[in-house]
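K.L.:
Structure incoming, see below.
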Amino acid sequence: MSIFLDERLSSLKAYVPGEQPKPGEFIKLNTNEFPYPPAPDVAQAAFDAVGGMHLYCDMNCTCLKAEFEKVFGYGGNNVLFTNGSDEALYLCFLAFCGKNRGAAFADITYGFYSVYADLCGLEKKIIPLDNDFSVVPSDYYGCDKTIFIANPNAPTGKKLSVEEVEGIVKNNNGIVVIDEAYADFSGSTCALLTEKYKNLVVVGTFSKSRGMAGARLGYVIADCLLIEDLNKVVFSINPYNVNSLTQSVGTAVLKNNDYYAECVDEICKTRDDFTNRIISLGFEAIPSYTNFVFAKHPEYSGEYIASKLRENGVLIRHFSNARINDYVRISIGTPEQMDSVVSALKKIIGGLK
Ligand SMILES: *Cc1c(COP(=O)(O)O)cnc(C)c1O
């Protein structure tokens, strides 16, 4: 740290992303990425976009938005695209929290909420999950802060129903942000509630279910006035936040949506199968609505399992937070990758090397 860093930032704890090793070094199941190749047309779309990259990109993401509307049913003034959904979340902290309002979120949830709240100098209201890691909807009723809920939640993999989310939105005058990073794996979305509620923001990403984690594409669906607010912030930071290569690739991905939907189905099948297999190895696994499984073993610590898997060429995620210290979070890869994980776990738990 230099002597020049703003005092306000000197104590800030930045987000700690999962390790990004050299490609091929590990079976990489630590950051919930999409394990399949892109649809065949996507590479051509990226190649074609290179010819136009000397020009600034389309700030309105016109082509991308048109394809998005075909798939998601929302477009026009109800949608905003962002540089990953992390940027969308940050815009919500900037636009809707304010100095006196602050942010409310769970104790066990996506780590960035706390980091953004600190970065913005906001008051935080931490609402603990209940004993089985469920979000209790009524805990959020009548909240005096802007609410952030990951649904399904990370790293627990549990979800609230659309009706439960509606209850939270209905019982608040302030903004409720629902982070749907994993919604495609859960079979439900709260997007349709944005037609009825002017205080609901739904945030999503192409990182987890559409194979674009490295290309950075996120979106917001909300009432047009909220989108206008967020756009004001975008135009005050960087109107070219979604670059032209990403716009082209995103458009091609949406044109091939059936392929991605099939992959998501496959991932869900692999997840349920993997969950059953580790349960038979003695793990306690929380039934997951995402592309990862959150599990613990009664005899082996989370840290031990993560470090032993690493020795066996498999990267997973372990969190040091006291409440979830026993757990590991394992992303769902291809069936072959999960076979390797199960074999490695058998060795580790059997006390072999
Ligand atoms: C992965 C993730 C995100 C961020 O995804 P981007 O790559 O920035 O689009 C947001 N929220 C949750 C809960 C996530 O797990």
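The values are calculated or read from the model by the stated rules, or taken from the named source; none is laboratory data. Predicted model only: the values in this text are computed from it and were never measured. Quick reminder, even Gly has a Cβ in these numbers, built from the backbone with ideal geometry, and neighbours come from all protein chains shown.
K.L.:
Quick one: which of LYS255, LYS170, LYS269, LYS232 is touching a residue at least 24 places away in the same chain (Cβ under 8 Å), closer than 27 Å to SER288 by Cα and out of contact with any Cys (no Cβ under 8 Å at 6 or more places or on another chain)? So that I can check it myself, show each step before the final result.
P.N.:
Details: LYS255 fails: closer than 27 Å to SER288 by Cα; LYS269 fails: touching a residue at least 24 places away in the same chain (Cβ under 8 Å); LYS232 fails: closer than 27 Å to SER288 by Cα.
Residue meeting the stated conditions: LYS170.
K.L.:
Okay, next question. Consider TYR74 carefully, then state whether it is modelled with pLDDT of 95 or more, closer than 28 Å to VAL135 by Cα and away from the ligand (no atom under 16 Å from the Cβ).
P.N.:
Here the answer is yes, as TYR74 does meet what is asked.
K.L.:
I've got another one for you. Give the number of residues within the stretch 290-343 that are in contact with a Gly (Cβ under 9 Å, 6 or more places away or on another chain) and part of a helix (DSSP H, G or I).
P.N.:
Residues that pass the stated criteria total 3.
K.L.:
Is it true that some residue in the stretch 209-224 is buried (at least 24 other Cβ atoms within 10 Å of the Cβ), among the aliphatic types (A, V, I, L, M) and farther than 24 Å from VAL264 by Cα?
P.N.:
Within the stretch 209-224, one or more residues are buried (at least 24 other Cβ atoms within 10 Å of the Cβ), among the aliphatic types (A, V, I, L, M) and farther than 24 Å from VAL264 by Cα.
K.L.:
Here is a follow-up. Just to be sure, is LYS158 more than 20 Å from the chain's Cα centre (by Cα), more than 12 Å from the ligand (Cβ to nearest atom) and either modelled with pLDDT of 95 or more or farther than 27 Å from ILE324 by Cβ (or both)?
P.N.:
On the way: more than 20 Å from the chain's Cα centre (by Cα): no; more than 12 Å from the ligand (Cβ to nearest atom): yes; either modelled with pLDDT of 95 or more or farther than 27 Å from ILE324 by Cβ (or both): yes.
It is false that LYS158 is more than 20 Å from the chain's Cα centre (by Cα), more than 12 Å from the ligand (Cβ to nearest atom) and either modelled with pLDDT of 95 or more or farther than 27 Å from ILE324 by Cβ (or both).
K.L.:
Here's a follow-up. Which one of LYS99, LYS65, LYS125 is away from the ligand (no atom under 12 Å from the Cβ), free of Cβ contacts under 8 Å to residues at least 60 places away in the same chain and closer than 29 Å to ALA46 by Cβ?
P.N.:
Numbers: LYS99 fails: closer than 29 Å to ALA46 by Cβ; LYS125 fails: closer than 29 Å to ALA46 by Cβ.
Selected residue: LYS65, the only one of LYS99, LYS65, LYS125 that is away from the ligand (no atom under 12 Å from the Cβ), free of Cβ contacts under 8 Å to residues at least 60 places away in the same chain and closer than 29 Å to ALA46 by Cβ.
K.L.:
Listed residues VAL162, VAL136; which is farther than 21 Å from THR31 by Cα and in contact (Cβ under 8 Å) with a residue 12 or more places away in the chain?
P.N.:
Details: VAL136 fails: in contact (Cβ under 8 Å) with a residue 12 or more places away in the chain.
Within the list VAL162, VAL136, the selection yields VAL162.
K.L.:
Also, I was wondering about something else. In the stretch 4-60, how many residues are without any contact (Cβ under 8 Å) to a residue 24 or more places away in the chain, surrounded by 11 or more Cβ atoms within 10 Å (Cβ to Cβ) and small (Gly, Ala, Ser)?
P.N.:
Within the stretch 4-60, residues that are without any contact (Cβ under 8 Å) to a residue 24 or more places away in the chain, surrounded by 11 or more Cβ atoms within 10 Å (Cβ to Cβ) and small (Gly, Ala, Ser) number 1.
K.L.:
If you check every pair at least six apart or on different chains, which have Cβ atoms under 6 Å apart with a residue in the stretch 70-84 that is farther than 11 Å from ALA191 by Cβ first and a residue that is assigned to a strand (DSSP E or B) and within 16 Å of the ligand (Cβ to nearest atom) second?
P.N.:
LEU80/VAL220; PHE81/TYR219; THR82/GLY218; GLY84/GLY218
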